[in-house]
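The values are calculated or read from the model by the stated rules, or taken from the named source; none is laboratory data. Computed from a predicted model, the values in this text were never measured in an experiment. Virtual Cβ from ideal backbone geometry, glycine too; neighbours counted across all protein chains shown.
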Amino acid sequence: MADGNLGSLLTPVRLGGVRLRNRVFVPGHTTNFGHHNEPTARLAAYHAERARGGVGLIVTEAIRVHPTSAGRSISLGSFGDASIPAYAAVAEAVHEHGARIFAQIMHAGRQANGDATRTAAWSSSPVSWAAGAHVPHAMGRRDIAVVVEAFGAAARRMRRAGYDGLEVHAGHGHLLQQFLSPHTNRRTDGYGGALDNRLRLTREVLAAVLAAADLPVGLRVSADEFLPGGLDPDAVVEIVARLRADFPLAYVHVSHSAYHGSYSLATQMADMSFGHAPFRHHAARFKREFPDLPVLAVCRLDSLPEAAELVAAGEADLVGLARPHIADPHLVRKAAQGRQHEARSCLACNQGCIGRLEASLPISCVVNPEVGAEREWRDAWRDLAQAGRSRRVLVVGGGPAGLAAAVAARRAGHRVTLAEARPSLGGQVALAATVPGRVRLRLLTDDLAAEVRASGVEVRLGHRVGVEEVLAGGYDDVVVATGSRPARRPLLGGPPVRDLWQAVAGLASREAGTFVVTDDEGTWAAASVAEALARHGATVHLVSPTAAVSARITTYSRLALLKRFADLGVVVHPMRTVRAVDAATVALTGPLAGADIVLDGVTAVVDAGTAVADDELFRALDALPGGPEVHLVGDANAPRTALEAVYEGRLAGAFLGRHDTPAAERVSLAY
């Protein structure tokens with residue numbers, strides 16, 4: 001993955017006659033920055049920042065062409081000409097910084113949640129996308145005509161709004177793929193059965209789009225649905241070949257998966273448990289089959305050097321990085337300036353992006369808390385630099401919250417000292433990153449630690465701070481980022497109990513045996529330890545008092561996790577708690593889950609219960625009548641996740657002594 005490949009990645013290229021300044025694009029990804037299904041100034045600022053960062057092409061998130069696909073009011077749609085000015089504002093913001101922008105148009109089909117709009121989802125057949133999901137309406141002839149016309153109308157509006165091209169989304173299990181795939185298409189009319197019939201709707205849509213707008217039109221496809229009886233690469237190659245024979249496709253954008261409640265969906269937003277560039281072979285296949293057709297590759301290309309491998313190998317013409325551009329919108333500019341080492345790393349954790357989308361919240365990012373508030377933060381940093389008021393700041397704790405606070409305070413012009421009781425920086429994130437499959441977490445604290453040192457923060461390792469030192473130090477502000485401690489509840493008369501830290505430390509010994517992991521919160525803390533123990537040969541039982549398994553892990557990651565649990569033999573026990581029987585036996589009890597389950601030969605119980613804030617220093621300082629301003633951030637404030645820790649650290653460090661300023665108010669309101 002040498003950076004020598006970056007030269008070819010940064011060369012100009014033409015896509016459907018449109019000149020791009022390089023071969024890097026931001027693929028379409030949902031932001032939830034819409035309002036009444038139209039773009040907002042927030043969305044324009046978000047894309048403008050990526051354009052300012054040097055990317056060649058931005059493809060919008062899916063623009064839904066019909067209200068039956070709207071799902072939520074915060075999604076994007078093109079349902080009438082009144083939306084054109086809002087879309088034009090986004091295009092102008094991107095063009096201002098030298099990038100090009102294509103509009104991705106689609107109909108979600110059966111997974112368009114109609115709860116908000118009180119509409120039925122539409123699909124090729126009455127087949128729901130997941131157990132318990134709404135059964136969609138099987139579209140009739142008039143419905144199909146409405147959708148085809150809607151695609152054409154949306155294309156016409158995007159042309160009028162000044163977009164440089166269009167991308168018709170026929171992948172990810174959306175409506176067009178629902179017609180293309182025999183897994184979902186059970187029709188017996190002219191739109192079902194043989195491939196030519198299943199292709200009919202896509203052909204009609206492409207014809208309508210090309211007739212409506214004199215723009216380059218690309219096609220996004222899923223090369224593999226990973227479903228029994230679904231589309232595989234051979235079938236999708238045939239689909240593209242037939243469509244290309246009939247239509248002047250500007251490119252094919254090769255993705256994978258279907259929107260289906262199984263492992264297939266997990267691959268669409270492959271998290272850190274997947275290996276490096278796990279789906280690059282799909283793009284390579286299409287490039288071999290269609291050497292003269294531009295091929296766009298996407299998914300888990302974590303950095304520009306990794307993405308450059310595909311272009312250098314002739315496997316793709318352009319490479320898309322969505323989550324890395326959420327993490328660092330200036331990836332390309334840094335690389336072009338020889339500063340690739342300064343790029344902020346994407347963790348592929350799915351926590352601030354897709355995790356928040358599932359909660360119908362705007363996207364954020366663990367490593368970049370400025371996402372969605374780009375204008376506000378840019379103005380705030382400018383105002384802080386002009387204020388020129390320097391304070392003496394002590395940050396206590398070198399985990400993500402403390403590191404983020406130190407970086408922000410230094411950028412705001414303060415003199416900063418960071419003290420960490422352990423001999424190295426990183427806090428609990430550094431410990432969690434030692435668990436197999438969670439290694440990329442370490443990139444968060446490694447990047448922050450590098451910024452801390454590069455910015456001139458004084459760092460004291462192996463140094464535990466007490467109240468007396470704080471009072472004697474003459475500090476104006478103290479940021480307390482001392483983290484939290486794991487829970488360990490006694491199991492009287494039962495097997496030995498280990499807390500999470502002890503369990504993680506013990507993984508190095510590759511201890512076998514039978515382990516019971518209690519999971520009160522449904523987070524990665526319990527799930528990753530259970531998986532790691534099973535990989536080391538242990539028999540593992542994951543016990544949760546809740547009805548759902550690992551409920552606080554995003555669906556995209558959980559579907560892959562549950563498959564790994566099944567492959568490794570991890571036994572999951574929802575709606576149960578653990579009761580001691582004797583020193584090697586426990587009973588799993590739960591009145592709603594049936595009779596007790598007795599487990600013999602238990603080596604240990606791992607307690608992944610609720611952590612406890614390590615806030616003693618804060619309590620002591622808070623009780624004093626005078627002294628410096630005290631700011632409590634991260635788990636020391638309340639045990640949560642790295643997403644909240646970095647956000648709180650950034651906010652506290654940036655606005656020390658200035659929380660009542662207009663800049664602080666603008667940033668706070670932006671979220």
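Pairs only if they're at least six apart or on different chains, beta carbon under 6 angstrom, first in segment 640-659 and assigned by TED's automatic domain parsing to the domain that holds LEU384, second among the basic types (Lys, Arg); list them, first residue then second. Once the first residue is assigned by TED's automatic domain parsing to the domain that holds LEU384 and sits in segment 640-659, its partners that are among the basic types (Lys, Arg) give LEU656/ARG391; GLY657/ARG391. Within segment 369-400, the set of residues being in contact with a strand residue (DSSP E or B) (Cβ under 8 Å, 6 or more places away or on another chain) and at pLDDT 95 or above comprises ARG391, ARG392, VAL393, LEU394, VAL395, VAL396, GLY397, GLY398. How many residues, within segment 452-472, are in a loop (DSSP other than H, G, I, E, B) and exposed (fewer than 14 other Cβ atoms within 10 Å of the Cβ)? Count: 4.
Of the numbered criteria (1) touching a strand residue (DSSP E or B) at 6+ places or on another chain (Cβ under 8 Å); (2) not in a helix (DSSP H, G or I); (3) not acidic (Asp, Glu), the one VAL529 fails is (2).
Does PRO67 meet the test of being within 27 Å of VAL146 (Cα to Cα) and either β-branched (Val, Ile, Thr) or at pLDDT 95 or above (or both)?
no
Within segment 638-670, the set of residues being surrounded by fewer than 23 Cβ atoms within 10 Å (Cβ to Cβ), at pLDDT 85 or above and more than 21 Å from VAL416 (Cα to Cα) comprises ALA638, PRO639, ARG640, THR641, LEU643, GLU644. For segment 45-65, the tally of residues that are more than 19 Å from ALA154 (Cβ to Cβ) and not aromatic (Phe, Trp, Tyr) stands at 11.
Kindly indicate whether PHE25 is at pLDDT 95 or above, part of a loop (DSSP other than H, G, I, E, B) and not polar (S, T, N, Q).
No.
Candidates in segment 655-671 are the residues that are more than 25 Å from the chain's Cα centre (by Cα) and among the small types (Gly, Ala, Ser); of these, the one that is farthest from VAL371 (Cα to Cα) is GLY657. Checked against the criterion of being without any contact (Cβ under 8 Å) to a residue 60 or more places away in the chain, crowded, with 20+ Cβ neighbours inside 10 Å, assigned to a loop (DSSP other than H, G, I, E, B) and of a type outside the set (D, E, K, R), segment 232-246 has no qualifying residue.
Between ALA409, ALA405, ALA401, ALA380, which is in the same structural domain as VAL429 (by TED's automatic domain parsing), out of contact with any Gly (no Cβ under 9 Å at 6 or more places or on another chain), crowded, with 17+ Cβ neighbours inside 10 Å and on the phi < 0 side of the Ramachandran plot?
ALA380
Considering LEU500, LEU507, the condition of being under 22 Å from SER557 (Cβ atoms) and either over 33 Å from the mean Cα position of the chain (by Cα) or surrounded by fewer than 22 Cβ atoms within 10 Å (Cβ to Cβ) (or both) is satisfied by LEU507 alone. Of the residues making up segment 321-337, those that are among the small types (Gly, Ala, Ser) and either closer than 18 Å to LEU441 by Cα or under 17 Å from the mean Cα position of the chain (by Cα) (or both) are ALA322, ALA327. Applying a threshold of 6 Å to beta carbon distances and a minimum spacing of six or more residues, or different chains, the list of pairs starting in segment 136-147 at a residue that is closer than 17 Å to VAL65 by Cβ and ending at one that is part of a helix (DSSP H, G or I) reads PRO136/ARG110. Candidates are the residues of segment 534-566 that are of a type outside the set (A, V, I, L, M, F, W, C) and farther than 24 Å from ALA512 by Cβ; the one that is surrounded by the most Cβ atoms within 10 Å (Cβ to Cβ) is SER557.
Note on segment 534-548: residues that are touching a Leu at 6+ places or on another chain (Cβ under 9 Å) and touching a residue at least 40 places away in the same chain (Cβ under 8 Å) amount to 3. None of PRO423, PRO436, PRO490 is surrounded by fewer than 16 Cβ atoms within 10 Å (Cβ to Cβ), assigned to a loop (DSSP other than H, G, I, E, B) and under 24 Å from the mean Cα position of the chain (by Cα) except PRO436. Scanning segment 167-204 for residues that are within 35 Å of the chain's Cα centre (by Cα) and of a type in the set (Ser, Thr, Tyr) turns up SER181, THR184, THR202.
With respect to the conditions (1) in contact with a Phe, Trp or Tyr (Cβ under 9 Å, 6 or more places away or on another chain); (2) surrounded by fewer than 23 Cβ atoms within 10 Å (Cβ to Cβ); (3) hydrophobic (A, V, I, L, M, F, W, C), VAL252 falls short on a single one, namely (2).
Look at (1) touching a residue at least 60 places away in the same chain (Cβ under 8 Å); (2) more than 25 Å from ALA235 (Cβ to Cβ); (3) polar (S, T, N, Q) and you find that THR267 fails only one, number (2). Note on segment 55-69: residues that are part of a strand (DSSP E or B) and free of Cβ contacts under 8 Å to residues at least 60 places away in the same chain amount to 2. Among residues of segment 585-616 being out of contact with any strand residue (DSSP E or B) (no Cβ under 7 Å at 6 or more places or on another chain) and aliphatic (A, V, I, L, M), the one that is surrounded by the most Cβ atoms within 10 Å (Cβ to Cβ) is ALA593. Candidates are the residues of segment 284-314 that are under 20 Å from VAL240 (Cβ atoms) and either polar (S, T, N, Q) or without any contact (Cβ under 8 Å) to a residue 40 or more places away in the chain (or both); the one that is surrounded by the most Cβ atoms within 10 Å (Cβ to Cβ) is LEU310.
Per this entry, PHE33 is counted among residues that are farther than 18 Å from GLY98 by Cα, of a type in the set (A, V, I, L, M, F, W, C) and at pLDDT 95 or above.
This table checks each residue for (1) farther than 25 Å from ALA348 by Cα; (2) among the aliphatic types (A, V, I, L, M).
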| site | (1), (2) |
| --- | --- |
| THR434 | no, no |
| VAL457 | yes, yes |
| ASP499 | yes, no |
| GLU521 | no, no |
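Checking each residue in segment 401-419 for being under 23 Å from the mean Cα position of the chain (by Cα) and either modelled with pLDDT under 95 or closer than 13 Å to ALA454 by Cα (or both) picks out only LEU403.
Counting only helices (runs of 4 or more DSSP H) that fall entirely inside segment 155-231 and contain at least 3 residues that are β-branched (Val, Ile, Thr), in contact with a Pro (Cβ under 6 Å, 6 or more places away or on another chain) and not assigned by TED's automatic domain parsing to the domain that holds LEU20, no element qualifies. Restricting THR518, THR482 to those that are modelled with pLDDT of 95 or more, of a type in the set (Val, Ile, Thr) and not assigned by TED's automatic domain parsing to the domain that holds GLY653 reduces the list to THR518.
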